[in-house]
Amino acid sequence: MMKVVSLFFTGLMLCTVSALAQPASDTSADTNMEILKQKLKADKKLLVAGNMDLSDAEAKKFWPVYDAYQKDLEQVNQKLAQTIKDYAEAFNKGSIPDATAKKLLNDALSVEEQENKLKRTYADKLEKAIPYNKVARYIQIENKIRALIKMELAQQIPLVY
């Protein structure tokens, strides 16, 4: 599982970094990035499916909730990407003023709070669809995936100065 997760996140990080670096007018690159994003979403779904051990009845209830969660999580990811982009712009100008650092920190903490709130909301929804041990397993899978993303981001993003 970890090898698949590692490959998945290498692709995800390439997608994130490329999306932030590319000019908005490059429609060919936009199309390629969209294809990569769709592939990564499919790979993630396969990773989750391979680790959930769902019965047919459980799967019928689980996957619609999973899809809704992924859609809502995408909004959190977009806010995170915007925060990273804002940070990169500020960092590239030199020393970051206190007011800018405060705003960026508040934005980053807000993203984390939104992510945790979303996770709690969907854990409650999943509890109605599948046994709680499988809810816990799914949240563990999501946590591992998010931890890998955050580790990669932490390695790539320089400290404020």
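The values are calculated or read from the model by the stated rules, or taken from the named source; none is laboratory data. Please read all numbers here as calculations on a predicted model, not as lab measurements. All Cβ positions, even for glycine, are placed from backbone atoms using ideal geometry, and neighbour counts span all protein chains on display. The accessibility values were calculated without ligands, DNA or RNA, using every heavy atom of the protein model including side chains. Shrake-Rupley method; radii C 1.70, N 1.55, O 1.52, S 1.80 Å.
Note that segment 60-100, at 20 °C in a medium of 1.002 mPa s, gets a Stokes-Einstein diffusion coefficient of 173 µm²/s from its Kirkwood radius over C-alpha pairs. Could you calculate the FRET efficiency of Lys85 with Asp56 from 1/(1 + (r/R0)^6), where r is the beta carbon distance between them and R0 is 35 Å, rounded to 0.05? Plugging the Cβ-Cβ distance into 1/(1 + (r/R0)^6) gives 0.25. Using the 1.4 Å probe convention, the accessible area of segment 17-140 works out to 63 Å² per residue with neighbouring protein chains retained. The distance separating the Cα centre of segment 42-106 from that of segment 124-161 comes to 9 Å. With the charge dipole of segment 64-161 set up from +1 on Lys and Arg Cβ and -1 on Asp and Glu Cβ about the Cα centre, the Cα lying farthest toward the positive end among the listed residues Ala101, Tyr69, Leu159 is that of Tyr69.
What's the carbon and sulfur percent of segment 54-93's accessible surface, probe 1.4 angstrom, rounded to a whole number?
Numbers: 1280 of 2450 Å².
Of the solvent-accessible surface of segment 54-93, carbon and sulfur hold 52 percent.
Estimated at 0.36 nm per residue, the fully extended path between Gln70 and Leu118 surpasses their Cα-Cα distance by 16.3 nm.
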